[in-house]
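Participant: Structure provided below as structure tokens; questions to follow.
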Amino acid sequence: MFRLCVLASGRGSNFASIVEKIEAGEVPAVVDVLVSDNPQARALEIARQHGIETAVFRREDYPTNKAHNQAIVDFLKPRGIDLIILAGYMRIVKAPLLEAYPNRVINIHPALLPSFPGLEGQKQALEWGVRYSGCTVHFVDAEVDHGPIILQAAVPVEQDDTVETLSARILKEEHKLLPRAVTLIAQGKVVVEGRKVRILI
Ligand code: GRF
């Protein structure tokens, strides 16, 4: 079975959507472990409710970001992880992890990249006045919210949207997009060709 590690720092709704779709038989994979940097993350509770192993690596327990990343790699290596999913993981993933899992780390971002990378993608889109925003699943590379794009979904931005209403509209799409991307990767249908991704059909 295709083995996933999900990294999450907070609420964990994207993690939950993957778990629910695995349990429904819609995603051909298994979550091996949920890793968090935040002992208070609700994602940890969700994992426990579903009988999924958890591990916490607090950044303050390591001297550098690199050492923190290395500790996670050392923990994951013996587990035979096929794909690492950043689902609301609020830390920048560095070389040790990316080198150990080349083209095997994906992220979900709440905007249509390359627009509005970084924090608060929904707020940035609203402030810019775009008519459409959405979400992006992409491979992670050394730059933030930058790697090859796997899937995107667009939503309209309404005139009276607040950050909350727009975020909710985007989140609904996130919950479909990330499991779809995981399924395609698990099925071997995702090929990285330089900056671009080809989906085999
Ligand atoms: C999502 O909006 C995701 O796109 C962003 O962080 C948020 C995480 O939400 N990277 P959740 O923890 O999955 O509910």
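Participant: Identify all residues within segment 43-86 that are part of a helix (DSSP H, G or I), within 16 Å of the ligand (Cβ to nearest atom) and surrounded by 17 or more Cβ atoms within 10 Å (Cβ to Cβ); write none if there are none.
Facilitator: Answer for segment 43-86, where residues must be part of a helix (DSSP H, G or I), within 16 Å of the ligand (Cβ to nearest atom) and surrounded by 17 or more Cβ atoms within 10 Å (Cβ to Cβ): Ala43, Leu44, Ile46, Ala47.
Participant: Quick check on segment 87-121: of everything there that is open to solvent by less than 10 Å² (accessible area, probe 1.4 Å) and not in a loop (DSSP other than H, G, I, E, B), which residue is nearest to the ligand (Cβ to nearest atom)?
Facilitator: Per the criteria, the residue is His109.
Participant: On to the next question. Do we find that Leu184 is assigned to a helix (DSSP H, G or I), at pLDDT 95 or above, touching a Ser or Thr at 6+ places or on another chain (Cβ under 9 Å) and open to solvent by less than 80 Å² (accessible area, probe 1.4 Å) in this structure?
Facilitator: Against the criterion (assigned to a helix (DSSP H, G or I), at pLDDT 95 or above, touching a Ser or Thr at 6+ places or on another chain (Cβ under 9 Å) and open to solvent by less than 80 Å² (accessible area, probe 1.4 Å)), Leu184 does not qualify.
Participant: In segment 150-172, what count of residues is obtained for those that are open to solvent by 50 Å² or more (accessible area, probe 1.4 Å) and either within 28 Å of Pro102 (Cβ to Cβ) or at pLDDT below 95 (or both)?
Facilitator: Number satisfying all stated conditions: 1.
Participant: Just one of (1) in contact with a Pro (Cβ under 8 Å, 6 or more places away or on another chain); (2) farther than 23 Å from Leu4 by Cβ; (3) surrounded by fewer than 21 Cβ atoms within 10 Å (Cβ to Cβ) trips up Gly129, so point out which.
Facilitator: For Gly129, the exception is condition (1).
Participant: Just name the residue that is farthest from the ligand (Cβ to nearest atom) out of those in segment 1-42 that are farther than 22 Å from Gly80 by Cα, open to solvent by less than 70 Å² (accessible area, probe 1.4 Å) and more than 13 Å from the chain's Cα centre (by Cα).
Facilitator: Among those residues, the one meeting the criterion is Ala24.
The values are calculated or read from the model by the stated rules, or taken from the named source; none is laboratory data. Because the structure is predicted, anything quoted here is derived from the model rather than measured. Counting neighbours? That spans all protein chains shown, and the Cβs are built from the backbone with ideal geometry, glycine included. We work out accessible area using only protein heavy atoms, side chains counted, and drop any ligands, DNA or RNA first. Shrake-Rupley method; radii C 1.70, N 1.55, O 1.52, S 1.80 Å.
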